[in-house]
Structure formats: structure tokens, C-alpha cells
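Novice: I'd like to ask you about the structure that follows.
The values are calculated or read from the model by the stated rules, or taken from the named source; none is laboratory data. Model, not experiment: these values are computed from the prediction. Note: ideal-geometry Cβ built from the backbone for every residue, glycine included; neighbour counts use all protein chains shown. Surface areas here come from the heavy atoms of the whole protein model, side chains and all, with no ligands, DNA or RNA. Shrake-Rupley method; radii C 1.70, N 1.55, O 1.52, S 1.80 Å.
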Amino acid sequence: MSSKKLRNVYVAGKRTSMRLETAFWEGLEEIAQKESLTVGELCNRLSERVEAVDANNLSSAVRVYVLEYFRAATPKPQESCYTPLAIAAE
């Protein structure tokens, strides 16, 4: 089980705390680097999306965003390459 780390970030000029699992902090840092942002800048942008992603707090919005970001970056299997598990096991 991944433990949660509490870290402070600045959102709209105010310090706020978020408790996220290590994997989400790492994902957030990777995304910020790829997008040429600091983690704080990225969190500031995400704070505007809290309602848009149907989340009730910034930590939830971050989790949803990190998941969506990496899902979008993952190639989708092509139909011609896809073999259903039941057929592959025969």
C-alpha cells in the first residue's frame, strides 16, 4: 500500500496542503516538467478545474488529472492487433 505524503503548494498566492500518494506526486512532477511548469503552477491551473472534474477538493482534482493525462498518452490497442484473452488462452 502506498503511503500518502503531505506537501504544501501555493494556489492563488496562498499556501495549501495536499495529501497524495507517492505515485501521484511523482506523476504530477513528471507532468509539470513535460509542460514546462512548476508543480505549484500546475496545481494553480488545476484548482480552476476542481468543479469541472466533479471533484470536491484539489487533491481529488489532481488524482483525476494525473490519471487522465497518462491515459491520454497511452497508445490504444488497434483492433487488428487485439486478441481476446479467451482466444489467446486456447
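Novice: Being free of Cβ contacts under 8 Å to residues at least 12 places away in the same chain, open to solvent by 20 Å² or more (accessible area, probe 1.4 Å) and among the β-branched types (Val, Ile, Thr) is the requirement here; does Thr38 meet it? Explain how you work it out, then say what you get.
Specialist: Numbers: free of Cβ contacts under 8 Å to residues at least 12 places away in the same chain: yes; open to solvent by 20 Å² or more (accessible area, probe 1.4 Å): yes; among the β-branched types (Val, Ile, Thr): yes.
Taking the combined requirement at face value, the residue satisfies it.
Novice: Within segment 66-90, which residues are outside any loop (DSSP other than H, G, I, E, B), exposed (fewer than 10 other Cβ atoms within 10 Å of the Cβ) and either at pLDDT below 75 or not basic (Lys, Arg) (or both)?
Specialist: If the condition is that a residue be outside any loop (DSSP other than H, G, I, E, B), exposed (fewer than 10 other Cβ atoms within 10 Å of the Cβ) and either at pLDDT below 75 or not basic (Lys, Arg) (or both), then Ala72, Ala73, Glu79, Ser80, Cys81, Leu85, Ala86, Ile87, Ala88, Ala89 are the ones that fit.
Novice: In segment 1-36, which residues are assigned to a helix (DSSP H, G or I) and of a type in the set (A, V, I, L, M)?
Specialist: Matches in segment 1-36: Ala23, Leu28, Ile31, Ala32.
Novice: Being without any contact (Cβ under 8 Å) to a residue 24 or more places away in the chain and loosely packed, with under 14 Cβ neighbours inside 10 Å is the filter here; which residues of segment 17-28 pass it?
Specialist: Ser17, Thr22, Ala23, Glu26
Novice: Can you say whether Arg63 is open to solvent by less than 70 Å² (accessible area, probe 1.4 Å) and modelled with pLDDT of 90 or more, as far as the supplied structure shows? Steps first, please.
Specialist: Values: open to solvent by less than 70 Å² (accessible area, probe 1.4 Å): yes; modelled with pLDDT of 90 or more: yes.
Against the criterion (open to solvent by less than 70 Å² (accessible area, probe 1.4 Å) and modelled with pLDDT of 90 or more), Arg63 qualifies.
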